[in-house]
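A quick write-up on the structure given underneath.
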Amino acid sequence: MAHLDHSETIVPLAELRRRYLPASAAFGWLVAGWRDLWNRPGPSVVYGLAVFAISVLIVWGLFILELDYILFPALAGFMVVGPLVAIGLYEKSRALENHQPVSLGRMMFVKTTSGAQVLYTGAILCLLMLVWMRAAVIIYALFFGLVPFPGLDHVAEMLFTTPEGWGMLLVGSVVGGLFAAFSFAISVFAVPMLLDQKLDAFTAMGTSISMVWRNLPVMLMWGAIVLTLFLVSVATALVGLIVIFPLLGHATWHAYKAIR
């Protein structure tokens, strides 16, 4: 029997995760997400409304409980858990791709290929968000000690007119950036992957990091797009989430499919 040499047909796993996509490909994902958003738009818009309503309730609760000092870390933490919250939007894009029926019920009660593994990923992301919020409080205490938070009306003066404020902004930005980069890397593809494939949570998160690292130019562009649109949502008192969140959710599915 002749010996079969498969050496030329074996592709390293690293290369399977490297697509050499240009940074401009991120805008193509955004266009594809926009198309999915307005293809049977009802469920996506309702999904966005639900995210907006829940976000407003959380912000209102922080003020009622006099926890407004963690408002900004909480808003930043939203980006940590955002990929998990968007799982119903991934499901709609997957259904459209496979020419299957789309419904709000299907998006709200998603059946993932990996089963409960997505819950483990969600728990890790929530823990990461809590750690970030605690770190933000510690950073404030390091620069301002026991000085009470002055409230949102005076926070700009505190941050931009004092040496302590500038120091806190610098350190907080560095620490927050590290948290954001890590959470983005482990989650951006992990949740779509668990929806689409039968994997465990840690394999999905590790693979997500690999996919991001090996496609860094386009993923940096995608991260910048996500951050910009999130800031637009914040600038519109979160109203922008009604459209922006579904748009980013659908687009993330196309990012996953392009790099998978």
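The values are calculated or read from the model by the stated rules, or taken from the named source; none is laboratory data. For clarity, every value in this text was computed on a predicted model and none was experimentally measured. Methodologically, a virtual Cβ is constructed for each residue, glycine included, from the backbone with ideal geometry; neighbour enumeration extends over all protein chains shown.
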Members of the range 205-231 found to be buried (at least 18 other Cβ atoms within 10 Å of the Cβ) and not in a helix (DSSP H, G or I), listed by number: Asn215
One residue from Val174, Val102, Val191 being surrounded by 13 or more Cβ atoms within 10 Å (Cβ to Cβ), among the hydrophobic types (A, V, I, L, M, F, W, C) and assigned to a helix (DSSP H, G or I): Val191
The listed residue being in a helix (DSSP H, G or I), among the aromatic types (Phe, Trp, Tyr), modelled with pLDDT of 90 or more and under 24 Å from Ala251 (Cα atoms), out of Phe179, Phe184, Phe202: Phe202
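Per-residue answers, yes or no, for (1) of a type in the set (Val, Ile, Thr); (2) within 23 Å of Arg260 (Cα to Cα); (3) more than 14 Å from the chain's Cα centre (by Cα):
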residue: Thr203; (1), (2), (3): yes, yes, yes
residue: Ile209; (1), (2), (3): yes, yes, no
residue: Val212; (1), (2), (3): yes, yes, no
residue: Leu229; (1), (2), (3): no, no, no
residue: Val232; (1), (2), (3): yes, no, yes
residue: Leu238; (1), (2), (3): no, no, yes
residue: Val243; (1), (2), (3): yes, no, yes
Candidate set from the range 232-260 (those that are among the polar types (S, T, N, Q) and more than 11 Å from Ala32 (Cα to Cα)); member that is surrounded by the fewest Cβ atoms within 10 Å (Cβ to Cβ): Thr236
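May I ask you to say which residue of Ala53, Ala76 is assigned to a helix (DSSP H, G or I), aliphatic (A, V, I, L, M) and without any contact (Cβ under 8 Å) to a residue 24 or more places away in the chain?
Ala53
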Flag for Gly165 being surrounded by 13 or more Cβ atoms within 10 Å (Cβ to Cβ), more than 19 Å from the chain's Cα centre (by Cα) and assigned to a helix (DSSP H, G or I): yes
